[in-house]
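First up is the structure itself, then whatever we jot down about it.
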């Protein structure tokens, strides 16, 4: 009887962690409109944090900014730059004092607008992964 009460007491905190709300980082997207929007950028950012990352860089102290720029030139070549920054939180805003950043570049010849938008998402995802890898090396 005593063992089952002890086991319940030990498992209760674990159960509450399993059902806890996901971490809500402040995420700001400052991208060129056709290539990335706030909702798409947030979706890319929110699939990235691991439990170890959240423990080392809590949402109360850190937030993120992303910027995707570029376009299609006269030769129909899509050129994209994606930049990610980890910024400290000050109150309910981010303070522009980057702790870490990552930038990726990409191009695709004979690209349509949809293909360029897909390249922009892929490059932002790559930049987010690079930022995470720089902060928590394997």
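Within the stretch 103-119, the set of residues being part of a strand (DSSP E or B) and buried (at least 16 other Cβ atoms within 10 Å of the Cβ) comprises 104, 106, 108.
Candidates in the stretch 53-69 are the residues that are farther than 17 Å from residue 94 by Cα and surrounded by 15 or more Cβ atoms within 10 Å (Cβ to Cβ); of these, the one that is farthest from the chain's Cα centre (by Cα) is 69.
Mind checking which residues of the stretch 87-116 are in contact with a helix residue (DSSP H, G or I) (Cβ under 9 Å, 6 or more places away or on another chain) and within 22 Å of residue 70 (Cβ to Cβ)? Within the stretch 87-116, 101, 102, 103, 104, 105, 106, 107, 108, 111 meet the criteria.
Criterion applied to 131, 46 was being at pLDDT 90 or above and either surrounded by fewer than 19 Cβ atoms within 10 Å (Cβ to Cβ) or in contact with a strand residue (DSSP E or B) (Cβ under 9 Å, 6 or more places away or on another chain) (or both), and the one residue passing it is 131.
State all residues of the stretch 42-68 that are in a loop (DSSP other than H, G, I, E, B) and under 18 Å from residue 136 (Cα atoms); if no residue qualifies, say none. Within the stretch 42-68, 47, 48, 49, 50, 57, 58, 59, 61 qualify.
Confirm whether residue 61 is closer than 23 Å to residue 33 by Cβ and out of contact with any helix residue (DSSP H, G or I) (no Cβ under 8 Å at 6 or more places or on another chain). Criteria not met by residue 61. Scanning the stretch 76-93 for residues that are touching a residue at least 40 places away in the same chain (Cβ under 8 Å), over 15 Å from the mean Cα position of the chain (by Cα) and outside any loop (DSSP other than H, G, I, E, B), we see that the one that is surrounded by the most Cβ atoms within 10 Å (Cβ to Cβ) is 80. Selection of first residues in the stretch 113-129 that are in contact (Cβ under 8 Å) with a residue 24 or more places away in the chain and of second residues that are in a helix (DSSP H, G or I), restricted to Cβ pairs under 7 Å at least 6 apart or on distinct chains, gives the following pairs, ordered by first then second residue: 121/40; 121/44; 124/41; 124/44; 125/44; 128/44; 128/45. Among the numbered conditions (1) modelled with pLDDT of 90 or more; (2) assigned to a helix (DSSP H, G or I), the only one that residue 96 does not meet is (2).
The values are calculated or read from the model by the stated rules, or taken from the named source; none is laboratory data. Owing to the predicted nature of the structure, the values given are computational and were not obtained by experimental measurement. Cβ: placed from backbone, ideal geometry, glycine included. Neighbour counts: every protein chain shown.
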